[in-house]
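Below you'll find the structure, written out as structure tokens, and then a few comments.
Bear in mind these aren't lab numbers, they're just calculated from the coordinates by the rules spelled out. These numbers were taken from a predicted model, which means no experiment stands behind them. Because the Cβ atoms are built from the backbone with ideal geometry, glycine has one as well, and the counts that use them run over all protein chains shown.
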Amino acid sequence: MRHDILCSGFGGQGALTIGKFIAKAAMAEGKFVSWLPSYGPEMRGGTANVSVVVSDAEIASPIVSFPNVLVALNQPSLDKFGPEVKAGGLMIANTDMCPNKLGRKDITEYYAPMNTIAKEIGNEKVLNMIAIGMIIGHTKMVSYETLEKDLSAFLLKKNPQLLEMNLKAIKHGMDLVK
């Protein structure tokens, strides 16, 4: 098993955080992992993306040129990276920021209004957790239980209310791809 993941969006949307939590969960499950962020000097508002490789075997390079999993949180990300997704791969896009669909027939495409759903959950910042739920719901690369444990350790003392919203967002994302 090997997943070459690319998550991309504007700085502040949580693309790097998607990669971080997937990578941490995969490490906790004993998988080989690489995490390589890329962002411009603008940070918030500029473009940001992260390459994550999750594998059962050692990883030779952390660079993901042709992902088999793409998360596009905005239209520029979908336009730039969508054509590079490997045939048979998975593409997840935020329709609130991606008005134009990719329309490839050789990959699985999921579209969801992540900003809208996150607002309904209670905080627009959890939109990245919806994407995580969609990734793990479709690929099963890591378990929900592992993510829950990691998020709990990270947020329980710091912000328990945000923890509940994050977990709800992950579950909602998983439901979107059933």
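Scoring 118-128, 137-147 by mean Cβ neighbours within 10 Å over their residues and listing the highest first yields 118-128, 137-147. Cβ crowding within 10 Å ranks ILE5, ILE132 as ILE5, ILE132, fewest other Cβ atoms first. Once the chain from ALA153 to LYS101 is taken as fully extended at 0.36 nm per residue, the excess over their C-alpha distance is 15.0 nm. Here the sum of -39500 (n - 2.57) over DSSP H runs of 4 or more residues, divided by the residues of the chain, equals -12500 deg cm²/dmol at 222 nm, to the nearest 500. What percent does the relative contact order of the chain come to when contacts are Cα pairs within less than 8 Å and at least six residues apart? Rounded, it is 21 percent for the chain.
Computed extension length for GLU124-ASP79: 13.9 nm, one decimal, from 0.36 nm per residue of separation with the Cα-Cα distance subtracted. Ordered by the number of other Cβ atoms lying within 10 Å of each residue's own Cβ, fewest first, LYS157, LYS178, LYS168 fall into the sequence LYS178, LYS157, LYS168. Neighbours of ALA28 by Cβ distance under 12 Å: Lys/Arg scored +1, Asp/Glu scored -1, total -1.
A Förster radius of 25 Å, combined with the Cβ-Cβ distance separating GLU145 from MET1, puts the computed FRET efficiency at roughly 0.85.
Whole-Hz Karplus values for the stretch 119-124 come out as 4, 4, 5, x, 7, 4 Hz, taken residue by residue from phi with 6.51 cos²θ - 1.76 cosθ + 1.60 and θ = phi - 60°; glycine and proline positions read x. Neighbour counts of other Cβ atoms within 10 Å put VAL69, VAL53 in the fewest-to-most order VAL53, VAL69.
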